[in-house]
Every structure is written in structure tokens, then in C-alpha cells.
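Notes follow the structure.
The values are calculated or read from the model by the stated rules, or taken from the named source; none is laboratory data. A quick note: this is a predicted structure, and the numbers were derived from the prediction, not measured. Heads up, the Cβs are rebuilt from the backbone with ideal geometry, glycines too, and the neighbour counts pull from every protein chain shown.
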Amino acid sequence: MVTGAFGRLRGGLRRTREVLGRGLERLRTTRGAEREHALEELEQRLIEADVGVEAAVIIRDRLEEYLRTSPGPSLEELVGVIRKQLLDLMRAPVPPPLAEPEERVAPYVVLIAGVNGSGKTTSLGKLARHYAKEGHRVMVGAADTFRAAAVEQLAIWAQRAGADLVAQKPGADPASVAFDAVTAAKARGHSVVLLDTAGRQHTKVNLMNELAKIRRVVNKAHSGAPHESLLVLDATVGQNAVSQARLFHEVLELDGIFLAKVDGTAKGGVVVPIIRELGLPVRWLGVGEGIDDIEPFSPERFVEAMLAPQ
Amino acid sequence: MFGTLTARLEDIFSKLQGKGKLDEKSVREALREIRLALLEADVNYRVVKDFVARIQESAVGEEVLSSITPGQQVVGIVYRELVRLLGDEAEPILWKGPMPLVIMLVGLQGSGKTTTAAKVASLLKARNKKVLLVAADVYRPAAVDQLRILADQLEVGFYRMDDVPPKEICTGAVERATREIVDVVILDTAGRLHINEPMMEELSGIAAGVKPRERLLVLDGMTGQDAVRAAQEFDKRLDLTGIIMTKLDGDARGGAALSVRAVTGKPIKFIGVGEKLEDLEPFHPSRIASRILGMGDVVTLVEKAQEKVDATKAATLQKKMRKGELTLEDFLDQLKQIKTMGSMDQLLKMIPGASKLGLNASAANDHELVRMEAIISSMTREERRKPYVLNGSRRKRIARGSGTRVQDVNRLLREFEAMRKMMKRFGSGMRGKKMLLGQFH
């Protein structure tokens with residue numbers, strides 16, 4: 001599944017890449033005040049790619065130092081410096097990769113959370129399809145009982161993915177839906193359960209407590225569950241993504257990030273401060289509107305896609 | 001709203017204000033920090049550059065350095081420039097022209113178009129307009145159902161058409177609205193990426209077909225640096241008439257809100273400040289600038305209060321507060337009224353200096369309000385009027401009655417007492433506070 005997806009990812013990140021490429025060319029061919037100006041512009045480009053002020057300054061300083069100590073660098077060398085620096089910034093103590101769903105823990109329960117409009121339901125649809133294609137029997141739990149027509153939307157995705165759905169009436173207790181979904185999956189022999197939750201602002205204490213409750217109740221239905229708590233982040237969100245990740249992490253002990261909508265312009269940079277400051281791994285990228293537009297995240301490939309020449 | 005930015009700026013200013021006289025170095029340092037604070041809040045790089053340059057210019061021009069209150073003067077300049085950045089005056093809806101007024105909502109996926117469509121409908125319905133909500137998002141699963149449910153809740157008109165392209169849905173809706181003498185037609189279009197050529201083409205087609213007088217971009221307030229680019233693209237296609245900034249109730253850093261007007265020249269008309277359908281406010285640049293600088297937004301607070309609060313009751317209460325005669329019964333009344341005005345954290349953010357007092361959203365969330373209400377409701381009338389009769393066994397009873405613990409009852413009583421004292425002090429100090437705010441108007 002990955003071959004075509006890499007192309008899509010690169011397409012999505014093309015803008016970032018173009019923007020960096022131009023800046024580097026100017027940096028290479030100028031000196032003195034002009035170079036200073038080019039460096040500033042590069043800093044600007046990095047900030048515009050959402051990598052955050054801190055990371056942008058670090059990379060700028062690193063490049064400046066490199067230009068001072070090694071005169072006449074090639075474009076490739078400069079790209080190399082940035083690549084290394086970006087990778088270093090993302091080399092936080094990331095927890096080991098999660099076990100793929102196993103027989104032993106079946107059903108493998110994934111709890112999916114995020115702020116409103118981040119793309120939870122769509123991302124869940126893609127995950128459902130991914131697991132179904134790998135031969136799993138997938139159950140989807142519609143624990144977003146708040147937003148109008150959320151269940152209908154999820155039902156359509158579940159059907160497209162070939163997954164089963166557990167839902168209750170709008171306004172039902174989301175924890176009870178989650179409990180039902182997990183219990184039903186156990187009884188009917190599903191191997192993967194994906195739980196959709198309502199979008200919530202991470203600063204709303206009571207809504208975050210509701211999420212904690214869902215997590216507790218799921219654990220009662222199936223010991224060890226949820227095996228994976230995923231936060232869906234909209235890639236167009238700026239530095240606020242860091243505070244979203246931090247607050248959801250406090251409540252859910254996140255296992256990773258699903259970065260959705262990596263198909264617009266100037267994307268992806270926010271991954272850097274998230275990994276750097278929170279040590280949270282990015283697990284998946286959503287790279288399009290189709291159900292198969294999903295791919296696993298790898299820092300190397302991500303940076304490569306950001307920097308590679310066209 | 002914009003809490004992080006506010007905290008950073010307050011920090012910078014308090015450093016300046018601590019000094020009797022400013023030298024050039026400390027002004028330069030402050031400007032550098034303002035620049036960083038804005039960049040970290042996702043404000044567009046170029047916008048930040050211009051903004052800082054203008055402040056520098058004014059600061060020199062106004063001879064801030066020789067002033068006796070240089071810190072205050074810098075705050076004043078920043079406030080003025082912020083207002084300017086946000087667009088100076090509030091921009092109302094374009095009512096003038098033939099009826100019905102057609103409002104077209106466009107935006108990226110997940111920016112909140114459908115919810116916003118309903119919020120706008122709710123706002124206009126409250127102004128006695130007849131509204132028709134149109135489901136023109138035929139792509140996102142169940143988007144049409146979502147809008148129908150919201151239209152039902154609001155009891156406003158709803159229009160859908162199956163198996164036809166969005167352009168025809170919109171044309172059909174406007175025809176029906178004209179026939180049925182509807183005041184406002186709100187088109188909820190599908191979310192799309194600004195670089196998706198066919199989808200952007202579709203928007204141009206709809207606009208050409210129904211000629212909407214208002215073409216509003218719905219933009220997620222948490223959007224990062226990409227906000228500006230998306231806004232420019234939508235503007236290029238549709239010549240937008242304005243922007244609705246959503247999800248400002250969280251801890252959005254404010255970058256999108258601060259950049260978009262400067263870059264596109266298009267005004268922000270409304271802001272979404274909560275999940276409920278009435279959580280949409282007209283956008284007032286001066287009030288928002290004031291909130292960003294931690295000076296609160298007393299004007300909006302008073303407006304909200306006027307809408308919901310009984311005036312004679314309020315006057316009596318104020319007198320009691322000033323004299324320090326507030327009882328738990330009055331307090332209960334207040335709690336109930338506050339609940340009708342909006343959520344606690346929304347209100348707190350409008351109070352000048354609330355963040356400095358440590359009154360933040362988590363300290364006073366809505367859940368706490370419910371608990372306080374339960375505790376006071378479990379008291380007898382006598383106890384509410386004379387809290388000093390509350391001995392141990394009464395407190396135990398109240399805790400049981402309200403489903404809380406004795407500690408909670410104790411805490412409430414302690415806080416109430418502290419508040420009563422603060423109110424009394426605040427009452428006598430009112431005059432000084434007014435003067436402080438006065439200098440910005």
C-alpha cells in the first residue's frame with residue numbers, strides 16, 4: 001500500500017519543498033549582508049512551514065555556522081545540514097513501535113480523539129480499511145453521540161471499509177457506546193475495535209474528563225484496553241497543535257498522533273515541535289480524501305519528502 | 001481566547017512598567033520579545049515584521065523615552081496598532097440590496113462551516129429574519145443530515161436536493177427563497193482544499209450562478225501559517241466579503257485572526273466562541289485587542305449582561321455588593337444568571353486582569369458552578385442569610401444533601417467570604433479602575 005502513498009505524501013509536501021529549495025539556492029550564492037538577508041528569509045520559510053520559532057532559529061544558527069566554517073557549499077550539502085538538523089530535532093525519546101494487533105489481546109482496541117474538525121471520523125475510516133485489508137475483522141464504535149449526524153457519517157465510512165458498527169441514539173452516554181462496542185466485538189470475534197469520539201476543545205475540563213471516563217470504562221470491558229490511544233491532529237493547525245497534544249496526552253496517555261490533511265500547502269512542520277517537546281510519536285499520515293490515502297509515518301521519509309529536489 | 005499570547009505580552013509589559021525611565025535598549029529588547037511572542041502565536045511573518053516596525057516608529061515619534069509613564073505609553077501604542085491590524089471598525093452584514101440576502105459560506109475541511117451556518121442562522125433568527133439553510137455539501141458523508149438536524153433544532157427553513165450538482169442546489173434554493181419571501185439564504189458548501197482546482201472551480205460556478213452578496217470564508221482560529229495562504233486563494237476566486245473565525249474558545253494562539261485582515265484586506269465579521277448555537281459574536285477589533293492585551297472586554301460583558309440580567313435586581317445587588325452585605329441567597333441568584341450568559345471561562349476572559357488574579361478556566365469551570373449551586377440549594381433559608389450558624393452537623397447535612405463532601409462546603413463558604421470582602425474593596429476602588437481603562441478610549 002505504501003508505494004503510491006509516498007508519491008501522494010511528496011505531492012502534499014511539494015509546497016514546503018519548493019519554498020525551502022529557493023531559499024537555499026540564494027543562501028549558497030550570496031554573502032555578507034545579502035546572505036544575512038537570505039538566512040532571515042530561510043528562517044521565515046521554516047516558520048511558515050509551522051516548525052515553530054525555536055526549531056527555526058536552531059536550524060538557522062546551524063546553517064550560519066556551517067556557512068562560516070565551510071565556504072562554497074553545494075546545494076546538496078546545505079540540504080544535508082537541514083535534513084540532519086530536522087531529524088535531530090525529531091529524535092526525541094520516542095516509545096517503541098506498537099505491536100500490530102495480535103491474536104493474544106484480541107480485540108485490539110484503538111481510541112481515537114481530537115478537537116472538532118480535525119478529521120477524526122475520516123481518519124478512523126482509513127484505519128478501518130487499513131486493518132480490514134490486513135485481514136482483521138473490524139468493529140467501529142460510534143461514541144460521538146454529540147454532533148448532529150455523526151453516526152450517519154461514521155456508518156458510511158464503516159460500510160466503505162467493510163467494518164461493523166455499534167451505535168446508540170444521539171445524546172447517549174459515549175462511554176456506554178464504547179463499552180457496548182468492545183463487548184460486542186469480544187462476543188462476535190472481531191480482532192480490532194476502533195472507537196470514534198466527539199470532537200472536543202482540549203481546554204474544556206468537563207469534556208476532557210468525559211474522555212478519561214470513556215477510557216476507564218473501555219478498560220473495564222476488556223482488560224488492557226484501549227491498547228492504543230490516538231490523537232488526530234489537523235496538519236494545518238499551527239503551534240496550537242502542541243498544546244492540543246499536551247492536554248490530550250495528560251488525559252489519555254497517548255500512544256501516538258494521526259496527522260490528518262497532509263495534502264494541502266506548507267504542511268507537516270508542526271510535527272517537529274510535537275515530537276521534540278512531548279516525545280510523542282507520529283504514527284500515521286492522512287494524505288488525501290480517499291479511504292486508502294493513509295500511510296505510516298517515518299521521520300526519515302518525511303524529512304526526505306520535505307527536502308528532496310523535484 | 002489567545003491566552004498564551006496575552007500572558008506573554010503581559011509579561012513583557014510588566015517588565016517595561018517596572019522601570020521608571022526607559023532607555024533605547026530596553027525598548028529594543030521589548031520589541032524583540034513582542035516579535036517572538038507574535039511569531040510563536042502563528043502570526044504571519046510579514047505581518048509581524050510590519051507590526052513591530054510600526055510600533056518602533058510610533059514609540060520613537062511619541063517620545064516614549066522621555067515620558068514619565070513610558071511603559072503605559074508603549075502598551076497604548078501596541079493597543080492602537082493591534083486595533084488597526086484587526087481592522088479598526090466592526091463590519092456589519094451587507095443588508096443593503098435586493099432580498100433575499102444570500103450568504104455563501106466557504107472554507108477548508110473541518111473549519112466548522114456547517115456549525116457556523118447554523119450559528120449565523122440562529123443569530124439572524126433572533127433578529128427576526130426568516131432564514132433558509134441550504135445543504136450544498138454533497139461530498140462529506142451525512143453533511144446534509146447534520147445541517148437538517150440543526151435547522152430543525154433552530155426551527156428555520158431547510159433546503160436540500162439529491163443527485164444534482166451543488167450549483168443547481170443553490171440556484172434552486174434562492175428561487176424558492178424569492179418565492180417564499182425569505183430574508184436570508186445561507187449556503188453551506190463542502191469543505192475543500194484551496195489548491196484543489198476542480199473544487200475551487202465549483203465555488204466560482206456557484207457564485208456566478210446565485211451572486212451571493214456575502215461571501216464569507218470560515219476559518220479555523222487555530223490554523224497555523226497556512227491560514228493566510230488559504231484565505232488568499234479563496235479571496236482570489238470569490239472576492240470574499242469577509243471572514244468568520246471559528247473555535248476561538250479554546251487556546252487558539254490568535255495568529256490567524258491577527259494576520260488575515262492585514263494580508264487579505266478583508267474584515268473579520270464574526271467569531272465563534274463556543275459549541276452552542278448561540279456562541280457566535282460580531283467581531284469588534286477594539287474589544288478583541290483589549291482582550292489580547294489582558295485588559296478584558298467590559299463592553300461585551302455589559303452587553304451580555306444587559307441582554308440577560310434584570311436591571312432593577314442588578315442595581316440592588318450592586319449596592320449590596322458595595323456595602324459587603326451580599327448573602328448566599330444573592331450569590332445563588334447570581335450563579336443562576338451567570339449560567340444563562342455563557343460559560344464561565346468565556347465570561348472570565350472579559351474581566352480585566354482576571355488572568356492575573358489566577359482566575360482561569362480550570363479554577364472556575366462550569367461543573368464547579370453546578371456543584372456550588374447544589375450546595376447552596378441544600379441550605380435552609382436561614383443558613384443562606386446567616387452563614388455563621390453553619391456548625392459541623394449542619395455542614396455534614398448539606399454535604400450529604402448536595403452529594404458533595406464537607407470539605408467542599410467549607411471551601412465554598414471560605415471562598416464566598418473572601419469574595420464578599422473583595423467585592424467590598426472593589427466597590428470602593430471602582431473609580432480608579434475606570435480611569436485606568438479610560439485612557440485607551
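Structure values in brief
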| quantity | calculated |
| --- | --- |
| Qualifying residue in the range B:239-253 (condition: under 17 Å from B:Tyr45 (Cα atoms) and either in a helix (DSSP H, G or I) or not β-branched (Val, Ile, Thr) (or both)) | yes |
| Helices (runs of 4 or more DSSP H) completely within the range A:74-179 that count 1 or more residues being among the hydroxyl-bearing types (Ser, Thr, Tyr) | A:120-133 |
| Hey, B:Asp152 closer than 30 Å to A:Lys126 by Cβ and out of contact with any helix residue (DSSP H, G or I) (no Cβ under 9 Å at 6 or more places or on another chain) or not | no |
| Residue within the range A:226-239 that is part of a helix (DSSP H, G or I) and either more than 13 Å from chain B (Cβ to nearest Cβ) or touching a residue at least 24 places away in the same chain (Cβ under 8 Å) (or both) present | no |
| Number of positions in the range B:110-135 that are away from chain A (no Cβ under 13 Å) and either under 18 Å from B:Glu180 (Cβ atoms) or in a loop (DSSP other than H, G, I, E, B) (or both) | 10 |
| Any hit, the range B:140-158, residues being more than 11 Å from every other protein chain (Cβ to nearest Cβ) and polar (S, T, N, Q) | no |
| Residue match in the range B:178-199 (condition: within 14 Å of another protein chain (Cβ to nearest Cβ), in contact (Cβ under 8 Å) with a residue 60 or more places away in the chain, within 20 Å of B:Arg160 (Cα to Cα) and part of a strand (DSSP E or B)) | yes |
| Long-range neighbours under 8 Å by Cβ, at least six apart or interchain, first residue farther than 15 Å from B:Val43 by Cβ and in the same structural domain as A:Gln85 (by TED's automatic domain parsing) within the range A:40-58, second part of a helix (DSSP H, G or I) and of a type in the set (Asp, Glu) | A:Val57/A:Glu43 |
| Complete set of residues in the range B:204-232 that are polar (S, T, N, Q), at the interface with chain A (Cβ under 9 Å from one of its Cβ atoms) and either in a helix (DSSP H, G or I) or out of contact with any Asp or Glu (no Cβ under 6 Å at 6 or more places or on another chain) (or both) | B:Thr223 |
| Close pairs from the range B:126-141: first in the same structural domain as B:Val185 (by TED's automatic domain parsing), partner in a strand (DSSP E or B) and surrounded by fewer than 23 Cβ atoms within 10 Å (Cβ to Cβ), Cβ under 6 Å, at least 6 apart | B:Leu132/B:Gly157; B:Leu133/B:Phe158 |
| Output for the range A:240-255, where each listed residue is without any contact (Cβ under 8 Å) to a residue 60 or more places away in the chain, part of a loop (DSSP other than H, G, I, E, B) and either under 14 Å from the mean Cα position of the chain (by Cα) or on the phi < 0 side of the Ramachandran plot (or both) | A:Leu254 |
| Any hit, the range A:197-207, residues being out of contact with any His (no Cβ under 6 Å at 6 or more places or on another chain), within 14 Å of another protein chain (Cβ to nearest Cβ) and not in a loop (DSSP other than H, G, I, E, B) | yes |
| Residue count, the range A:186-196 (criterion: surrounded by 19 or more Cβ atoms within 10 Å (Cβ to Cβ) and either over 26 Å from the mean Cα position of the chain (by Cα) or within 14 Å of chain B (Cβ to nearest Cβ) (or both)) | 1 |
